[in-house]
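Note sheet for the following structure.
The values are calculated or read from the model by the stated rules, or taken from the named source; none is laboratory data. Just so you know, these numbers come straight off a predicted model, no measurement behind them. All Cβ positions, glycine included, derive from the backbone under ideal geometry; neighbour counts span all protein chains shown.
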Amino acid sequence: MRVADYKDLRVYRLAFDSAMEIFELSKKFPSEEKFSLTDQIRRSSRSVCTNLAEAWRKRRYEAAFVSKLSDGDGEAAETEVHLDFALRCGYLPADKHAKLRDQYDHICRQLTKMMDEASSWCGTAGELREMAAEYFVGALERQSVGAQPTTYAPRSSRSSRSSRSSRSRRPSRSKRS
């Protein structure tokens, strides 16, 4: 199975769904936690997803790929700690805590496995290899959870990110004698 996007990775889908669940649950945290625990748990849970997206885009370079996956693993572990604080402070019911801890444990294990098998994910000589199907969400699985398939414009039709070269540059200052 050829995968075109990180959003097809099961670990990404689990991390995204878990972050959204944390967002909903954290709405009920006390207002005095707004700039501390609420903010921290939301940021760390979302960061798992963003690090996965960055890792996916850096598959050409195995060390960069592993580095971003490692960052995501660290954010997932940080989220687990925040979940423990939320439970201990009485902001999170025990059943929700157990479910989310289990999900983040699973996310960490999946990221570790991807790091251990980085060479099978990364390309050599500019070519990317096929990925093992067990890591990806299939069409039937997407339909079973009610997710809407997402279509994307081909990369060639997207706007260029490197428009900096067309911008005018400031002239350099010359030394006065």
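Has segment 7-30 got any residue that is over 23 Å from Ala98 (Cβ atoms) and basic (Lys, Arg)? Within segment 7-30, one or more residues are over 23 Å from Ala98 (Cβ atoms) and basic (Lys, Arg). Ala147 meets each of the listed conditions (1) modelled with pLDDT under 50; (2) within 20 Å of Asp5 (Cβ to Cβ); (3) of a type in the set (A, V, I, L, M) apart from (1).
Conditions tested, residue by residue: (1) out of contact with any Asp or Glu (no Cβ under 6 Å at 6 or more places or on another chain); (2) farther than 21 Å from Arg10 by Cβ.
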| site | (1), (2) |
| --- | --- |
| Ser26 | yes, yes |
| Lys34 | yes, yes |
| Ser44 | no, no |
| Cys49 | yes, no |
| Leu52 | yes, no |
| Trp56 | yes, no |
